[in-house]
Amino acid sequence: MPHPLLHLLLICLLIHAVGKGLEKGPLEDKVLQVPEGTPVPYAIYQFQSSKDGVDGFSVTGETEGKISISDDGWLYLDQALDWGLTRTHTIQVEALVGSEPVEGPFTITINVLDINNHAPYFNQTDYAGVVKEHTPAGVPFMRVFATDLDDPHSLNAQLKYTLVSQIPNRDNVLLFQMDGNTGQISTTTDGERLLKARDSVISSRGGDISDSLKSKFDEYCKPVQEIPYDLNPFYSCVLRAESRRQNPLDDPDFTLIVRVEDMGGASESALIGNARVKIAVQQNLWVNPGPIIVKEQLKGPYPMEIAKVQSNDPSALYRLVQKERELKFPFNVTEEGNILLMEELDREDKAMYIVVVLAEDTYGNEVDPPMEVQVVVEDVNDNAPACDQELSVFELQENEPAESTVGDLLVHDADDPNTLNAMLEYSLVSQTPSSVFSIDSITGRIKAKQVLRRKDAAEYQLTVRVNDPAFSTECTVLVKVIDINNELPIFQKNDYGHHSLPEDTAVGHTLLTVKATDADDPGTGSSRIEFHITTGNQDEVFAMETDGNGEGRLVVAKPLDYETSSSYNLQIDARNPEPLIKGLVYGNTSSSHVSVAIVNVDEPPAFDQDILEVAVLENTTGGATLLKVDAKDPEGNEIRFKLEGDTNGWLEIDPATGEIKLKAKAVLDREKVEAFDFNVVAFEKANPDQSSEHVVSVRLLDVNDNVPKLTENQGFVCVKNPKPLILTAQDPDAAPFGAPFTFSLPKKSPNWDLITLDGTHIALEHHIRHFSSPSASKTTLAWGCVLYLSLPTVRVCNCTDLGHCLIEPSTHEGKLGVPGTLGILCGTLGFIALMLIIVFYRMKKEDQKKALHVGDTDAIL
């Protein structure tokens, strides 16, 4: 058992802790959450036993000497926990009477919560990478990697990569970019265009640098120089440049400063790490030689070299694959990178090939990215023009004016249409029975040079020659002279009588079939008959359908409505698509009549409005009217209304008038339900099966019925590094009843300042002159309502190097509040009680001594 005074002080400490919002509850299996690195002693939870006479508790298990429990059930820390060492502590707690357990053991699981106390770091302080000239923008060529020892599932270990600077940075143009999530580095669009490698001498395939360079000198320097190579300054300079090309990072072209931040890079308190990246730009020899132009039907010899590729790896092996799945692939490649054509090509078979060139090492690994090379087959004139049809047939109505168009002759040439090889020229070779037509030499359009009469000739046969620059073809054309429209269409009946239809007849129903004839030549536009309703068809309720051969069907095109129109007297006209000859007009024989009576059918009520929407203030009181719906029965029958789908139970409707009201006890709340729908049903009173349904949409309008609140309930300011405390306010109301807020202290303070960050955030800044805490903040909403809100407890304390509060400074105490005051009062009362116990004890001892002395005296007497 702890000393009574120590026990009393521990109780006071825990009472003070309770004021900070800690919990208590029955002794049972429980899971608790505790942040790592807390100041100690740190109260976690108070267990309360259900047994009588309990005077103590015990804790066993994975305490590691850091977790203890007081006699009155307070579980607390003697030492701070470390998430990096142990993430979960499993302990057992028992309730005791004396030293005997009377309840338990119960298993308590303590999960250690990570705090951001580890800065991210790169796995290298210096990186090195090589990028080729003209590397496509956005394609990564290297990557940096960082690690954070904090909880990988928390924001503390969420890393963000950034490119801080590029050295050199001429003209302030960034040539590189970094993926913030992966750390991959790639070129920018400017980098793709501007990155240029230093000049170098390319060594021969698999050869030594110096041997290749000496060979170049001997080849180009005539006569041969007598100065030894190693004494020739130009040779030495070029040799150094070539050595740098093979070991570029000895002298990089660019140095990048990169940074990694935790907290996703979104917090000013995020921890960071830095690294350098050295980048060398290498010449890119892997250049696409395409498109390669090869003429079709090109005579050999084969194989024929058509292009050359060169890998950046001198020892690379080359291989070709075809991108398309074709049976024919007439290409190959040599080990020196020469692309070979193996046989003649035909553009009409395939106009373009895509050859994929691979550069690999001896193990089949790619040393350069696959390269797609286009091989375009150039057209030669090896195809004659071809008529689209063996016999092209055209029609022209007689008596059409001279130069009327007969039609366009269709001819195609399989050669490239974008070259002269497919440019065609048309000419007339013969015309039978007479020469009355002309043809456009470029377009092939045939025209009649004079007015044609069917009595002179019903048909003409033409022979047309079509030439391209090398070939010629003849096409046969037949021109038919069509009869003029000199006969009228005549109805079989001029009156199709009376008919009746129920008003619920389906759209598309055929009412009757009409017939007419035309004496003009069959199969021509002059004899084709079309039917039209010209009078009596209000709102185009009916329509005519025809096959063109003299038969038409009168059909229902729109829903019928007896109440709108109970009868129709229709006139149907028969007409030809071709115009009548001059002087001929349509008469009564080309028209017919029909009358239609609509039979009334009992129909359901119909609502007056297509869309029913209403907006209501959320503080509308019960009994208020939302809206009034109206519906009418087409037959004038009495109707009633009812509601369906009111899932909230807020509404009621007057069945006779359609007035919709809020129920007396209905309470609307926009923050819970912003909008809802329900159905209004209108039905005939005498026949409820005749009903119509309409959806009503209700939108609740916001009112200022919520006060803004601060989201934080505690905070601290460090003595040595007093950073502002960020406070956030929120209000569930929508604009203009919510944010932005304005903040101020109730009265001006010499030690505290408020700095507005935005409409919902402020910074509470402390000046280290007198340590005190503000007690309230005044929040003024944008529309002028003033509310006073208690601030969270703000402590001014000593802090660790990582910015965590340890203890409050003894000489600069902030406001303690009610829990602190109770702690001090309890400690004072405990001390007084202890002193009184000691005084009473000594007084009792003195009384006992006096009584003993009196007893001895009586014995002597």
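The values are calculated or read from the model by the stated rules, or taken from the named source; none is laboratory data. Quantities reported herein were computed from a predicted structural model and do not represent experimental measurements. Neighbour counts are summed over all protein chains in view; Cβ atoms, including those assigned to glycine, are modelled from backbone coordinates with ideal geometry.
The set of residues in segment 489-538 being of a type in the set (K, R) and outside any loop (DSSP other than H, G, I, E, B) consists of K515 alone. Would you pick out the residues in segment 583-613 that are of a type in the set (V, I, T) and either modelled with pLDDT under 85 or touching a Gly at 6+ places or on another chain (Cβ under 6 Å) (or both)? Residues satisfying the conditions are V601, I611.
Have a look at G552, G548 and point out the one that is among the small types (G, A, S), over 30 Å from D633 (Cβ atoms) and modelled with pLDDT of 90 or more. Give the steps one after another, and end with the answer.
On the way: G548 fails: modelled with pLDDT of 90 or more.
Every option except G552 fails the conditions.
Within segment 400-430, being on the phi > 0 side of the Ramachandran plot and touching a Lys or Arg at 6+ places or on another chain (Cβ under 7 Å) holds for one residue alone: E403.
Right, G207: modelled with pLDDT under 85 and of a type in the set (G, A, S) or not? I'd like the intermediate steps shown before the answer.
Working: modelled with pLDDT under 85: yes; of a type in the set (G, A, S): yes.
Against the criterion (modelled with pLDDT under 85 and of a type in the set (G, A, S)), G207 qualifies.
Entry remark, segment 256-271: residues being surrounded by 15 or more Cβ atoms within 10 Å (Cβ to Cβ) and not in a loop (DSSP other than H, G, I, E, B) number 8 in total.
For segment 490-508, the criterion of a residue being closer than 30 Å to E459 by Cα and touching a residue at least 24 places away in the same chain (Cβ under 8 Å) is satisfied by at least one position.
The combined condition, being touching a residue at least 60 places away in the same chain (Cβ under 8 Å), among the hydrophobic types (A, V, I, L, M, F, W, C), in a strand (DSSP E or B) and in contact with a helix residue (DSSP H, G or I) (Cβ under 7 Å, 6 or more places away or on another chain), is not fulfilled by V112.
For V34, indicate whether it is within 23 Å of W83 (Cβ to Cβ), in a strand (DSSP E or B), in contact (Cβ under 8 Å) with a residue 40 or more places away in the chain and under 49 Å from the mean Cα position of the chain (by Cα).
Details: within 23 Å of W83 (Cβ to Cβ): yes; in a strand (DSSP E or B): yes; in contact (Cβ under 8 Å) with a residue 40 or more places away in the chain: yes; under 49 Å from the mean Cα position of the chain (by Cα): yes.
Yes, satisfied.
Listed by position, the strands (runs of 3 or more DSSP E) contained in segment 723-799 that have at least 3 residues being of a type in the set (S, T, N, Q) and at pLDDT below 75 are 776-781. Filter segment 625-684 down to the residues that are of a type in the set (S, T, N, Q) and more than 15 Å from P605 (Cβ to Cβ) and list them by number. Across segment 625-684, the qualifying residues are T625, T647, N648. Among the residues of segment 403-424, the one identified as under 13 Å from I446 (Cα atoms), among the acidic types (D, E) and under 56 Å from the mean Cα position of the chain (by Cα) is D408.
Here E644, E618 are screened, and the one residue that is farther than 30 Å from Q492 by Cβ and surrounded by fewer than 16 Cβ atoms within 10 Å (Cβ to Cβ) is E644. Using beta carbons and a limit of 6 Å, which pairs, at least six apart or on different chains, have the first residue in segment 268-279 and in the same structural domain as V164 (by TED's automatic domain parsing) and the second one of a type in the set (D, E)? Partner pairs satisfying both residue conditions: A270/E261; A270/D262; L271/D262; I272/E261; R276/D126.
From the list T147, T125, T109, T162, the lone residue that is modelled with pLDDT of 90 or more, hydroxyl-bearing (S, T, Y) and not assigned by TED's automatic domain parsing to the domain that holds D190 is T109.
Here's a check for you: in segment 400-415, which residue that is among the hydrophobic types (A, V, I, L, M, F, W, C) and touching an Asp or Glu at 6+ places or on another chain (Cβ under 7 Å) is surrounded by the most Cβ atoms within 10 Å (Cβ to Cβ)?
Applying the filter and picking the extreme gives V411.
Of everything listed in (1) among the polar types (S, T, N, Q); (2) free of Cβ contacts under 8 Å to residues at least 24 places away in the same chain; (3) out of contact with any Gly (no Cβ under 9 Å at 6 or more places or on another chain), the single unmet condition for T546 is (3).
Applying a threshold of 6 Å to beta carbon distances and a minimum spacing of six or more residues, or different chains, the list of pairs starting in segment 281-295 at a residue that is in contact (Cβ under 8 Å) with a residue 40 or more places away in the chain and ending at one that is assigned to a strand (DSSP E or B) and of a type in the set (S, T, N, Q) reads G290/Q374; P291/Q374.
In the condition set (1) in a strand (DSSP E or B); (2) among the acidic types (D, E); (3) surrounded by 15 or more Cβ atoms within 10 Å (Cβ to Cβ), E372 is compliant with all but (3).
Matching residues to (1) in a strand (DSSP E or B); (2) in contact with an Asp or Glu (Cβ under 6 Å, 6 or more places away or on another chain); (3) at pLDDT below 95; (4) not assigned by TED's automatic domain parsing to the domain that holds V594:
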residue: P417; (1), (2), (3), (4): no, no, yes, yes
residue: N421; (1), (2), (3), (4): no, yes, yes, yes
residue: Y426; (1), (2), (3), (4): yes, no, no, yes
residue: Q450; (1), (2), (3), (4): no, no, yes, yes
residue: R465; (1), (2), (3), (4): yes, yes, no, yes
residue: C475; (1), (2), (3), (4): yes, no, no, yes
residue: E487; (1), (2), (3), (4): no, yes, yes, yes
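Residue check: V281 meets all listed conditions (1) in a strand (DSSP E or B); (2) within 23 Å of E360 (Cα to Cα); (3) out of contact with any Lys or Arg (no Cβ under 7 Å at 6 or more places or on another chain) but one, namely (3). Figure legend. Inter-residue proximity from segment 717-730: first residues within 11 Å of G759 (Cα to Cα), second residues of a type in the set (V, I, T) and modelled with pLDDT under 75, beta-carbon distance below 7 Å, spacing 6+ or different chains. Indicated pairs: A729/T779. Could you tell me whether any residue of segment 320-333 is modelled with pLDDT of 90 or more and closer than 29 Å to R193 by Cβ? Checked segment 320-333: no residue is modelled with pLDDT of 90 or more and closer than 29 Å to R193 by Cβ. Only a single criterion out of (1) farther than 30 Å from S697 by Cα; (2) touching a Ser or Thr at 6+ places or on another chain (Cβ under 7 Å); (3) among the hydrophobic types (A, V, I, L, M, F, W, C) is not satisfied by A606, namely (1). From the list D504, D539, D521, D547, the lone residue that is of a type in the set (D, E) and touching a strand residue (DSSP E or B) at 6+ places or on another chain (Cβ under 8 Å) is D521. Of the residues making up segment 699-711, not a single one is closer than 30 Å to P604 by Cβ, among the β-branched types (V, I, T) and surrounded by 15 or more Cβ atoms within 10 Å (Cβ to Cβ).
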